[in-house]
Amino acid sequence: MTSSTDTGRMPTLYLSHGAPPLADDPIWPGQLAEWSAELPRPTSILMVSAHWEEAPIAVGATESVPLVYDFWGFPQHYYQVKYPAPGAPELAGSVAKLLAGPGESVQRVDRGLDHGAYVPLVEMYPDADIPVLQLSMPTLDPARLLDYGRRLAPLRDEGVLIVGSGFFTHNLRAMTHDGEVSSVMSEFDDWGRRALAAHDLDALLDFEHKAPAGRLAHPRTEHFAPLFVTLGAAADELGSQRSVIDGFWLGLAKRSIQLG
């Protein structure tokens, strides 16, 4: 099997980003750091986070601006995290050219990175020395997001790391603090693992009907949706898919994958 590193093309990632307390987890930060250490160094990073839905499609700030602390009720130190990564204005221009078309525009919004973007990046690239651009999700329709990913795929040949950041299962009512995992979360995770291994895009696109208790694993689609950007950007390399991180965090599946 030819890998992205053999061809000079960057892989694509889907990661389960957790919440601000990710930094305090005894395992997860190390898993993310090890993962990034195995990757080719990106020229820039394009993040698609579950926490930014905006239409028309938008690119975030192209210079370093304050982070978006889009969470409530956490200890104060989580609001003091900084991640002053350089902006990526050239990448923003490339994204606009690839995604704009008849009836579709790409707007620029002076918005900082939200926690779906910066929480994993703090662990993966702690020096904050790689330009980062965040891209909104203008829809939660998996098929349309898959198409956006396909249109973004040429960026991989320019050294851009495309990252979809969500959570493989995301029902906050299923969160636990005792190590228990509900059958809904474990069965959906196993179904997703098998669908990815089989390269079954049709099943994944129709996960609400094909997966066991799809709507219970994802009451809203926003945390699964970034997966389809990742898959679209590597649609010709589905055979390279592998789970880099699996298991559960507070009862939710933290499966994270790489293609290429």
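The values are calculated or read from the model by the stated rules, or taken from the named source; none is laboratory data. Since we're looking at a predicted model, the values are computed, not measured. Neighbour counts are summed over all protein chains in view; Cβ atoms, including those assigned to glycine, are modelled from backbone coordinates with ideal geometry. Side chains included, ligands, DNA and RNA excluded: accessible areas come from the protein's heavy atoms. Shrake-Rupley method; radii C 1.70, N 1.55, O 1.52, S 1.80 Å.
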message = within 18 Å of the chain's Cα centre (by Cα) and open to solvent by 50 Å² or more (accessible area, probe 1.4 Å): which single residue out of D114, D141 fits that description?
response = D141
message = If I filter region 24-48 down to residues being among the small types (G, A, S) and out of contact with any strand residue (DSSP E or B) (no Cβ under 8 Å at 6 or more places or on another chain), which single residue comes out as nearest to A233 (Cα to Cα)?
response = S36
inquiry  = Take S165 and tell me if it is of a type in the set (S, T, Y) and under 19 Å from L140 (Cα atoms).
reply    = yes
task = Give the residues of region 70-92 that are open to solvent by 20 Å² or more (accessible area, probe 1.4 Å) and over 27 Å from A33 (Cβ atoms), sorted by residue number.
result = W72, G73, P89, E90
message = Could you check region 147-162 and list, in sequence order, the residues that are surrounded by 22 or more Cβ atoms within 10 Å (Cβ to Cβ) and either in a loop (DSSP other than H, G, I, E, B) or in contact with a helix residue (DSSP H, G or I) (Cβ under 7 Å, 6 or more places away or on another chain) (or both)?
response = Y148, G149, L152, L155, R156, V160, I162
note = The number of residues in region 109-123 that are β-branched (V, I, T) and assigned to a loop (DSSP other than H, G, I, E, B) is 1
key: Set A253, A213, A235: member being closer than 29 Å to V160 by Cα, over 13 Å from the mean Cα position of the chain (by Cα) and either open to solvent by 10 Å² or more (accessible area, probe 1.4 Å) or without any contact (Cβ under 8 Å) to a residue 60 or more places away in the chain (or both)   = A235
ask   = Within region 124-137, is even one residue part of a helix (DSSP H, G or I), under 12 Å from V48 (Cα atoms) and modelled with pLDDT of 95 or more?
value = no
key: Unique match (being touching a residue at least 12 places away in the same chain (Cβ under 8 Å), within 26 Å of L204 (Cα to Cα) and not hydrophobic (A, V, I, L, M, F, W, C)) among P84, P66, P42, P120   = P120
ask   = Which residues, counting only those in region 117-138, are among the charged types (D, E, K, R), under 22 Å from G18 (Cα atoms) and open to solvent by 60 Å² or more (accessible area, probe 1.4 Å)?
value = D127
ask   = When region 68-81 is examined, which residues are found to be in contact with a helix residue (DSSP H, G or I) (Cβ under 9 Å, 6 or more places away or on another chain) and either in a loop (DSSP other than H, G, I, E, B) or among the small types (G, A, S) (or both)?
value = V68, Y69, D70, F71, F74, P75, V81
task = Scan region 88-108 for residues that are at pLDDT 95 or above and outside any strand (DSSP E or B) and report the count.
result = 13
key: Test result for S165, open to solvent by less than 40 Å² (accessible area, probe 1.4 Å), of a type in the set (S, T, N, Q), at pLDDT 95 or above and touching a His at 6+ places or on another chain (Cβ under 9 Å)   = yes
